[in-house]
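In what follows, a single structure is set out as structure tokens and then discussed.
The values are calculated or read from the model by the stated rules, or taken from the named source; none is laboratory data. Treat the numbers as computed from the prediction; the structure is a model and nothing was measured. Neighbour counts are summed over all protein chains in view; Cβ atoms, including those assigned to glycine, are modelled from backbone coordinates with ideal geometry.
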Amino acid sequence: MALIQCQFYSEVLNLSTSMTVILPQQTNSQIGMQNKKAGDKHQTLYLLHGLSDDDTIWTRRTSIERYVAPLGLAVVMPQMHHSFYADMKYGNQYWAFLTEELPAVARSFFPLSDEREDNFVAGLSMGGYGAFKWALSRPEQFSAAASLSGVVDIESRVKAGDRDRVFQLVFGDEDISGTEHDLFKLIEKSQQAEQKPMLYQCCGIEDFLYEDNIRFKKAVEKTSYELTAQFEAGEHEWGYWDRKIQDVLNWLPLKK
């Protein structure tokens, strides 16, 4: 595998930013590793970070590089700051950056497939929210999306006063219920889409977001989406996410 720390300029953000990228490499003699390269254009997982982290965190807290090595899967991990994967009311246009500019820039740098069946998105906590928001808003872009301990009920978090300053910068005084930020509205609205990504959702039962995730699971079950949901012992911490990202990789509809 190749691990690349990529600094580049964003026209949308009007600043230099970064993404951490893992690319498949076929090797036969690397001790302790089974590396695979599957085709000229790589299947790609966009892997999103949580509120307190950055684009390097998945490689620092998990063995994601080792996990994807035998799969021939590229991983793109963008820097998204405290954006909650939105065009911020008092900040930058991170939603436009994520959904429009990032895939185009990444594919201009690296041999990544642009086929829907080859593209997936996943994330944890704030990134779990971002992964579902992206896939439900742009179902034509992804065949599968996964949320690990995701902030899936954003309205309840805002009303509870969690991270008041962050939410104020992102949403201002906007009532986000029923808007493009509301996953419950998105799951209902996207019922009309011709193509629907497979969904994977997990959350530890000791996690403070557990009840929110149960509510979202029930909402998805009222739709025609294909949902895999796993709720088991676990808290909001990296030991749990390191285990569950392996389940996500096993669940993805990868080409053999």
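Consider Met77 carefully, then state whether it is aliphatic (A, V, I, L, M) and over 22 Å from Ser143 (Cβ atoms). Spelling it out, it is not the case that Met77 is aliphatic (A, V, I, L, M) and over 22 Å from Ser143 (Cβ atoms). Within segment 90-121, restricting attention to residues that are polar (S, T, N, Q), over 21 Å from Gln195 (Cβ atoms) and surrounded by 17 or more Cβ atoms within 10 Å (Cβ to Cβ), the residue that is farthest from the chain's Cα centre (by Cα) is Asn92. Filter segment 104-117 down to residues that are assigned to a helix (DSSP H, G or I) and either of a type in the set (S, T, N, Q) or in contact with a strand residue (DSSP E or B) (Cβ under 8 Å, 6 or more places away or on another chain) (or both) and give me whichever is nearest to Leu252 (Cα to Cα). Within segment 104-117, the match that is nearest to Leu252 (Cα to Cα) is Ala106. Taking the criterion of being in contact with a Lys or Arg (Cβ under 7 Å, 6 or more places away or on another chain) and closer than 19 Å to Ser125 by Cβ, the only residue of segment 64-91 that qualifies is Tyr85. Here segment 211-246 is the region considered, the condition is being among the basic types (Lys, Arg) and touching a helix residue (DSSP H, G or I) at 6+ places or on another chain (Cβ under 9 Å), and the residue that is farthest from Thr56 (Cα to Cα) is Lys222. Pairing residues of segment 66-77 that are closer than 10 Å to Leu112 by Cα and among the aliphatic types (A, V, I, L, M) with residues that are crowded, with 21+ Cβ neighbours inside 10 Å and at pLDDT below 95, at Cβ distances under 8 Å and at least 6 apart in sequence or on separate chains, gives Leu73/Pro24; Ala74/Pro24. Just checking, does segment 17-30 include any residue being touching a residue at least 12 places away in the same chain (Cβ under 8 Å) and either among the basic types (Lys, Arg) or closer than 18 Å to Lys244 by Cα (or both)? No, the conditions are met nowhere in segment 17-30. Candidates are the residues of segment 142-169 that are over 24 Å from Gln43 (Cα atoms) and either in contact with a strand residue (DSSP E or B) (Cβ under 9 Å, 6 or more places away or on another chain) or of a type in the set (Asp, Glu) (or both); the one that is surrounded by the most Cβ atoms within 10 Å (Cβ to Cβ) is Ser149. Filtering segment 143-193 to residues that are of a type in the set (Lys, Arg), out of contact with any Gly (no Cβ under 9 Å at 6 or more places or on another chain) and not in a loop (DSSP other than H, G, I, E, B) leaves Arg157, Lys159, Arg165, Lys189.
Figure legend. Inter-residue proximity from segment 173-200: first residues over 23 Å from Leu148 (Cβ atoms) and without any contact (Cβ under 8 Å) to a residue 40 or more places away in the chain, second residues among the small types (Gly, Ala, Ser) and exposed (fewer than 14 other Cβ atoms within 10 Å of the Cβ), beta-carbon distance below 8 Å, spacing 6+ or different chains. Indicated pairs: Gln191/Ser224. Total residues in segment 45-89 satisfying the condition of being of a type in the set (Ser, Thr, Tyr) and either over 14 Å from Leu249 (Cβ atoms) or crowded, with 24+ Cβ neighbours inside 10 Å (or both): the figure is 6.
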